[in-house]
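**Q** Please find one structure pasted underneath; my questions will follow.
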Amino acid sequence: MQFSLKLLPRIVLTALALAIWTPIITVAIVITRIFIPDGGPAYRLARQWSRVMAACMGLTFSSEGAEKIAPGTSYIITPNHQGNADILALYRELPLRFRWVVKKSLIRIPFFGWALHCTGAISIDRSDREGSIKKLQEGTSKLSGGWSLLIYPEGTRGTDPHLQPFKKGAFMMAVQTGIPLLPVVCNGAYRVLPKKTVSFKTGGHITVAIGNPIETKGLTVEDVPALMERTRIEMLKLLDPDYDPYSGLPPRPPALEGA
């Protein structure tokens, strides 16, 4: 994405919000977590942070498929990861409380990482596969009270709008716990704020599409490859790689042929 001077005021506003609003929210999250350990108020504060950041960036959002979510049910949410803007979209549009699964290095980021930790995020070391699996297994203790867990199956941000190869972590956890998977797709985040750039266009609209939940009770480790493929197919039904967040009202994602 080429830099434009027209974007400079919005970039400056967003940078100021990151520098000022993020520490303020982090302090509030830390304080509320001390007195209310379940993380509910801390999560609501994190959503407030996302609202302000989205407003500074000039972003709007919409969603579809919320009726597929059963109230009070915990899910392992598996969204695509097109860029940092989809973090704001997920906070804004998913109608259920969730905890993030993030790489360990993110928790070390001043304020942002500290806030993530206080909202109950699970940090994993990607270089330690066995340790990561153990952390995920321990993470099921954080799913009581209707909480869900959000794991990016691609593992990192993509370099284009298409789905990247999946990693096994989310699916191993699903078959070991029997918690249903919830496929989710964000369309438009890649063109708003691509990987490895701080420049973005303003006024973008990101859509969040919620797929059909996938039951995992009774499945075993041997079922993981098929479960990964089933989840991928469900997400591809919702994905629109050509989606333009600046074209006005967003079109509905096209379904796969024969789906």
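**Q** Of the conditions (1) under 21 Å from residue 227 (Cα atoms); (2) open to solvent by 50 Å² or more (accessible area, probe 1.4 Å), residue 109 fails just one. Which one is it?
**A** Only one criterion is unmet by residue 109, namely (1).
**Q** Do we find that residue 119 is closer than 21 Å to residue 215 by Cβ, in contact (Cβ under 8 Å) with a residue 60 or more places away in the chain and crowded, with 17+ Cβ neighbours inside 10 Å in this structure?
**A** Answer is no for this residue.
**Q** Here's a follow-up. Yes or no: the stretch 115-130 includes at least one residue that is modelled with pLDDT under 80 and among the basic types (Lys, Arg).
**A** yes
**Q** Test residue 191 against the criterion of being at pLDDT 75 or above, open to solvent by 10 Å² or more (accessible area, probe 1.4 Å), basic (Lys, Arg) and not in a loop (DSSP other than H, G, I, E, B), and give yes or no.
**A** So residue 191 fits the description; yes.
**Q** Taking the stretch 80-126 as the search range and keeping residues that are in a helix (DSSP H, G or I) and of a type in the set (D, E, K, R), which one is farthest from residue 182 (Cα to Cα)?
**A** Among those that are in a helix (DSSP H, G or I) and of a type in the set (D, E, K, R), it is 104.
**Q** Okay, moving on. Residues that are over 14 Å from residue 18 (Cβ atoms), open to solvent by less than 40 Å² (accessible area, probe 1.4 Å) and over 15 Å from the mean Cα position of the chain (by Cα): does the stretch 96-105 have at least one?
**A** no
**Q** Moving on. So which residues in the stretch 221-248 are polar (S, T, N, Q) and either buried (at least 17 other Cβ atoms within 10 Å of the Cβ) or modelled with pLDDT of 95 or more (or both), if there are any at all?
**A** Of everything in the stretch 221-248, just one residue is polar (S, T, N, Q) and either buried (at least 17 other Cβ atoms within 10 Å of the Cβ) or modelled with pLDDT of 95 or more (or both), namely 231.
**Q** Can I ask one more? Collect the residues in the stretch 135-154 that are within 16 Å of residue 186 (Cβ to Cβ) and either touching a His at 6+ places or on another chain (Cβ under 9 Å) or open to solvent by 70 Å² or more (accessible area, probe 1.4 Å) (or both), keeping them in residue-number order.
**A** 152, 153, 154
**Q** Just need a number here: residues in the stretch 53-80 that are open to solvent by 20 Å² or more (accessible area, probe 1.4 Å) and within 17 Å of the chain's Cα centre (by Cα).
**A** Adding up the residues that qualify gives 8.
**Q** Against the definition (of a type in the set (Val, Ile, Thr), open to solvent by 30 Å² or more (accessible area, probe 1.4 Å), assigned to a loop (DSSP other than H, G, I, E, B) and modelled with pLDDT under 95), how does residue 32 come out, yes or no?
**A** no
**Q** Next up: Taking residue 34, is it among the aliphatic types (A, V, I, L, M) and free of Cβ contacts under 8 Å to residues at least 12 places away in the same chain?
**A** Yes, satisfied.
**Q** Okay, next question. Tell me yes or no: at least one residue of the stretch 56-79 is in a helix (DSSP H, G or I) and modelled with pLDDT under 95.
**A** Within the stretch 56-79 (the criterion being in a helix (DSSP H, G or I) and modelled with pLDDT under 95), the answer is yes, since at least one residue qualifies.
The values are calculated or read from the model by the stated rules, or taken from the named source; none is laboratory data. These numbers come from a predicted model, not from an experiment. So basically every Cβ, Gly included, is an ideal-geometry build from the backbone, and we count neighbours across all protein chains shown. Note: accessible area is taken over every heavy atom of the protein model, side chains too, but ligands, DNA and RNA are not part of it. Shrake-Rupley method; radii C 1.70, N 1.55, O 1.52, S 1.80 Å.
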